[in-house]
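*Asks:* There's a structure below that I have some questions on.
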Amino acid sequence: MKYLVLETHPAYAILLDQTGRFVKAANRHYQVGETVQNVLELRDVPGKSHIRLYRRLSSGLAAAAACFCLVYFGYYRPNFTAYGTVRMQINPDVEMTISKTEKVLDLEGLNEDGRNLVSDYEYQGKDREQASEELIQLAMEMGYLTEGGTVAFTLDSEDSGWLQAEEEKTLEQMEERFGETIVIQIGPMAEEEPIRAEEEVEVVIPLPTQTETPTPAETAAPTPVWTAPPATPEPVYPPETDDDDDDDGDDDREDDNDDWEDDGPEEDDD
């Protein structure tokens, strides 16, 4: 819960909470008109101090009620009630929650770089314009943004009239401040589509040529085919020669044999 500081004293402060209840709390260096949270309430022991406190509060109840309405509706609500958001995309992605009067109420990093950017940044008490300029400058110093880069602002609110006016004002202010070095864009930054794994590296592995599996009949040993052995050449004899010494060209032995066969053996006359 948030509290509005109405009075400050050395040891305590009088606060007004969002429900209209007066609270006495320990004074942690509060200032009148400041909005605080996580207060330490003090409970008085019944006595004179307690009576004096509530008499004073009771006597000024009407004035306090009027003051509350004036402070809450004229100062607190427009300055300390969330009215819209401003998302700033560089590569760091951050979001500011702002009031109707552009006071920065909260600042959050939406990604890892965004959380690094805002981790040590003090936004309390600053408006949207100052915080935006300082965050852009800080992004440049940290190396997230270089000359020619783009900063996209996306605003959101239920009040369409206020939203349109804030978009125009943001564009004008940021272009006046950084228009010569970077690009200012109203609307979300286009997000790149994730690259699918198969599109990153396409590997084509050729498949080995498939060969038909031979059938058992094809793999069996071939049936031997009988072939005739080569023909044996007939012997070649040398030409016959004449063994006798005569010149008639015939063989006398054959003549002798022929004579013997024809005549037969001589008979013995005895």
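*Asks:* Output the residue which, of all residues in the stretch 120-164 that are of a type in the set (A, V, I, L, M) and without any contact (Cβ under 8 Å) to a residue 60 or more places away in the chain, is most open to solvent (accessible area, probe 1.4 Å).
*Replies:* Going through the qualifying residues, I end up with M142.
*Asks:* Do we find that S49 is at pLDDT below 60 and open to solvent by less than 70 Å² (accessible area, probe 1.4 Å) in this structure?
*Replies:* yes
*Asks:* Taking the stretch 92-119 as the region of interest, how many residues are touching a Gly at 6+ places or on another chain (Cβ under 6 Å) and open to solvent by 70 Å² or more (accessible area, probe 1.4 Å)?
*Replies:* Number of matching residues: 1.
*Asks:* In the stretch 3-30, what count of residues is obtained for those that are within 18 Å of R77 (Cα to Cα) and either open to solvent by 70 Å² or more (accessible area, probe 1.4 Å) or within 47 Å of the chain's Cα centre (by Cα) (or both)?
*Replies:* 6
The values are calculated or read from the model by the stated rules, or taken from the named source; none is laboratory data. Quick caveat, the model's predicted, so the values are computed rather than measured. Positions of Cβ are backbone-derived with ideal geometry, glycine not excepted, and every protein chain shown enters the neighbour counts. For the accessible areas, the whole protein counts, side chains as well, though only heavy atoms, and no ligand, DNA or RNA atoms are used. Shrake-Rupley method; radii C 1.70, N 1.55, O 1.52, S 1.80 Å.
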